[in-house]
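Novice: Right, I'll just put the structure down here and ask away after.
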Amino acid sequence: LVQPLRPSTPAALVEKGERLLRQGNVSAARPLLRRAAEAGSADAALDLAKSFDPSFVPNGNPAGATADPAEAARWYKRALKLERKDAAADIERVTSMIKNTAPQ
């Protein structure tokens, strides 16, 4: 029995992760995107951030993925550090979301 090759390059991981995100399978996309982001892929870091962003993760995600604004902010910051300048506005938005939900 021949096993299919698992995506191993950051670009292949991003491609597969983005396809899973489009299909709504956030939980399956996250490990692939995390591997690519940790390998230095700015696109993967941005996609991974979106996978935790409450404005992206659908409520009642059938795959059981939950939103986590703090984790989203962490990965948006990583994407910004990796030269995705467009992540700056997302960092502001998610950070504001965290502040607005913090216990007073």
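The values are calculated or read from the model by the stated rules, or taken from the named source; none is laboratory data. In this text, all values refer to a predicted model and were calculated from it rather than measured experimentally. Using ideal geometry, Cβ is built from the backbone for each residue, glycine included, and neighbour counts are taken over all protein chains shown. For the accessible areas, the whole protein counts, side chains as well, though only heavy atoms, and no ligand, DNA or RNA atoms are used. Shrake-Rupley method; radii C 1.70, N 1.55, O 1.52, S 1.80 Å.
Novice: With +1 assigned to the C-beta of every Lys and Arg and -1 to the C-beta of every Asp and Glu, and no other charges, what is the dipole magnitude of the chain about the Cα centre in debye, to the nearest 20?
Specialist: My answer is approximately 160 debye.
Novice: Round to the nearest 10 and give me the degree value, 0 to 90, for the angle of helix 10-22's Cα axis relative to the longest principal axis of the chain.
Specialist: Once rounded, one gets 70 degrees.
Novice: Hey, another quick one. Quickly rank 67-75, 16-24, 81-89, 46-54 as a protection proxy: mean count of other C-beta atoms within 10 Å, highest first.
Specialist: Highest to lowest by the protection proxy: 46-54, 67-75, 16-24, 81-89.
Novice: Okay, next question. Angle between the Cα long axis of helix 26-38 and the longest principal axis of the chain, 0 to 90 degrees, nearest 10?
Specialist: Approximately 90 degrees, to the nearest 10.
Novice: Output the 0 to 90 degree angle, nearest 10, between the alpha-carbon long axis of helix 87-101 and the longest principal axis computed from the alpha carbons of the chain.
Specialist: Roughly 50 degrees between the two axes.
Novice: Averaged per residue, what accessible surface does the chain expose to a 1.4 Å probe, in Å²?
Specialist: Per-residue value: 61 Å².
Novice: Tell me the relative contact order for the chain as a rounded percent, counting alpha carbon contacts under 8 Å between residues six or more apart.
Specialist: So the answer I get is 21 percent.
Novice: What's the carbon and sulfur percent of the chain's accessible surface, probe 1.4 angstrom, rounded to a whole number?
Specialist: Within the chain, the accessible surface is 54 percent carbon and sulfur.
Novice: Beyond 21 Å, how much of the Cα-Cα pair distribution for the chain remains, as a whole percent?
Specialist: Result: 34 percent of Cα pairs exceed 21 Å.
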